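The values are calculated or read from the model by the stated rules, or taken from the named source; none is laboratory data. In this text the structure is predicted, and so the values were computed from the model without any measurement. Positions of Cβ are backbone-derived with ideal geometry, glycine not excepted, and every protein chain shown enters the neighbour counts. Keep in mind that these areas ignore ligands, DNA and RNA; they rest on the heavy atoms of the full protein, side chains included. Shrake-Rupley method; radii C 1.70, N 1.55, O 1.52, S 1.80 Å.
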Amino acid sequence: MTAFRAKIRILNTILLLGTAVPIWVIAEGIAPQVVQAYTARADIVIDSLSEESYESMVRRAEAAARAGAQRSFDKDILITEVSVIISGQNYGAIAPILELRVNRQQWRSRPDPQIWATYFKSARSLLLFNQTQTPTEAAVPTASASN
């Protein structure tokens, strides 16, 4: 009787494995594994040039964002989205100027940073572009005429 029970257990195991493995193979063939995709992030800091206007710095920031996004997409085919933050530095002050957040399909159809960028409005004042005189001029005391 115990030999008969052992044969039934073996038959049940063979039957279970014999149906489970083909079902698993069929399921994997029908529904392939999901591709892992991710977002690339880049932070770029640009320094202001002497006598440069804020508008000129923004144009350079857009060019840097464009290059950073393209470089990220070219570097890895699994990247589906790119986030590039461009910060500016002027007289020791640093602030984010723009963020470019775009997915691969959007970038492929329109690789223009002006379309996909978010501009930070407070950057102009944080970078001291609204002041009438430069911070170095303000820090230098003027000599008073005596006599």
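Any idea which residue in the stretch 59-74 is least open to solvent (accessible area, probe 1.4 Å), counting only those that are of a type outside the set (G, A, S) and under 13 Å from the mean Cα position of the chain (by Cα)?
Of the residues in the stretch 59-74, the ones of a type outside the set (G, A, S) are 59-60, 62, 66, 70-71, 73-74.
Then drop every residue that is not under 13 Å from the mean Cα position of the chain (by Cα), which leaves 66, 70-71, 73.
Details: R66: 108, Q70: 71, R71: 142, F73: 11 Å².
Only one residue tops the list, namely F73.
Here's a check for you: in the stretch 77-94, which residue that is touching a residue at least 24 places away in the same chain (Cβ under 8 Å) and open to solvent by 40 Å² or more (accessible area, probe 1.4 Å) is farthest from S122 (Cα to Cα)?
If we filter the stretch 77-94 for residues that are touching a residue at least 24 places away in the same chain (Cβ under 8 Å), which is where we start, we get 78-94.
If we keep only those that are open to solvent by 40 Å² or more (accessible area, probe 1.4 Å) too, we end up with 78, 80-81, 85, 89, 91-92, 94.
On the way: L78: 34, T80: 30, E81: 26, I85: 15, Q89: 14, Y91: 16, G92: 16, I94: 12 Å.
The residue in question is L78.
Give just the number: which of (1) at pLDDT below 95; (2) outside any loop (DSSP other than H, G, I, E, B) does I77 not satisfy?
(2)
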